[in-house]
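In what follows, a single structure is set out as structure tokens and then discussed.
The values are calculated or read from the model by the stated rules, or taken from the named source; none is laboratory data. Small disclaimer: the values here were computed from a predicted structure and weren't measured. FYI the Cβ positions are ideal-geometry reconstructions off the backbone, even for glycines, and counts take in every protein chain you see.
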Amino acid sequence: MKKQCSALLLCSLSLGTALAADVYESDPDHTFAFFEFNHIGYSFQRDRFDKVSATVSLDLAQRVGSVEVSVDVKSVSTGSRFFNQILQSEAFFDANQFPLIRFKSERLSFDLLDNVTAAEGDLTIKGITKPLTLKVTHFKCMMHPLLQKPACGLNATGKIRRSDFALAKYVPLISDEITLYVSMEALKH
């Protein structure tokens, strides 16, 4: 009987925490994923994905949260239709077979002021999943001044190796290490 009561109490506490979390949906006009790489030593190129959607569950009082991000590979934007097609091809992202890049984090880190400082999770590209920690460089939640809804925004960055995700074509001419940048604004659901 004690075990059943303990289990019931634990479940109700978990449910209470889950229900206390606020859910935010990303604003598609203000949410993008960028990636930067060294191009043959000449320059650092920065390209982006235009279609990124995210759901954030956030309970600032309990200092817990989670993030799920989905990136449409066909929305890659290099500024060149030719290079967009190359990156979507089987030689790189293989957009027809793997149309989405996903990041899922069940663990957010917070500082003393309740700011989110990192999102630890798993990144999946081309069906390959690897751990990734995104360092949050800016975080703010407040009432949106135009929409009059609670909103949160953040900027985050992390590093991956292309070779970890079967994207190693032209390494080392084009750097294996890629720097990721995320800019996101999300409205309370």
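Among the numbered criteria (1) more than 22 Å from Val71 (Cα to Cα); (2) surrounded by 18 or more Cβ atoms within 10 Å (Cβ to Cβ), which single criterion is violated by Gly121?
If we test Gly121 against (1) more than 22 Å from Val71 (Cα to Cα); (2) surrounded by 18 or more Cβ atoms within 10 Å (Cβ to Cβ), just (1) comes out false.
May I ask you to say which residue of Cys141, Cys152 is within 21 Å of His30 (Cβ to Cβ), over 16 Å from the mean Cα position of the chain (by Cα), in contact (Cβ under 8 Å) with a residue 40 or more places away in the chain and assigned to a strand (DSSP E or B)?
Cys141
I'm trying to understand the selection: among the residues of the stretch 75-96, which are among the charged types (D, E, K, R) and surrounded by fewer than 17 Cβ atoms within 10 Å (Cβ to Cβ)?
Of everything in the stretch 75-96, those that are among the charged types (D, E, K, R) and surrounded by fewer than 17 Cβ atoms within 10 Å (Cβ to Cβ) turn out to be Arg81, Glu90.
In the stretch 155-189, how many residues are in a loop (DSSP other than H, G, I, E, B) and among the aromatic types (Phe, Trp, Tyr)?
So the count comes out to 1.
Among Glu120, Glu106, which is the only one that is assigned to a strand (DSSP E or B) and either hydroxyl-bearing (Ser, Thr, Tyr) or modelled with pLDDT under 95 (or both)?
Sole residue among the options that is assigned to a strand (DSSP E or B) and either hydroxyl-bearing (Ser, Thr, Tyr) or modelled with pLDDT under 95 (or both): Glu106.
Which members of the stretch 89-106 meet the condition of being touching a residue at least 40 places away in the same chain (Cβ under 8 Å) and not acidic (Asp, Glu)?
Matches in the stretch 89-106: Ala91, Phe92, Phe93, Ile101.
Among the listed residues Ser66, Ser57, which satisfies the condition of being at pLDDT 95 or above, in a strand (DSSP E or B) and in contact with a Gly (Cβ under 6 Å, 6 or more places away or on another chain)?
Ser57
Give me a count of the residues in the stretch 103-147 that are of a type in the set (Asp, Glu) and on the phi > 0 side of the Ramachandran plot.
Residues that pass the stated criteria total 1.
Which one of the conditions (1) in contact with a Ser or Thr (Cβ under 8 Å, 6 or more places away or on another chain); (2) surrounded by fewer than 18 Cβ atoms within 10 Å (Cβ to Cβ) does Ile101 fail to meet, given that it meets all the rest?
(2)
Restrict the check to the stretch 144-154 and report whether at least one residue is in contact with a strand residue (DSSP E or B) (Cβ under 8 Å, 6 or more places away or on another chain), within 30 Å of Gln97 (Cα to Cα) and not small (Gly, Ala, Ser).
no
Phe83 - would you say it is among the hydrophobic types (A, V, I, L, M, F, W, C), assigned to a helix (DSSP H, G or I) and over 12 Å from the mean Cα position of the chain (by Cα)?
So Phe83 fits the description; yes.
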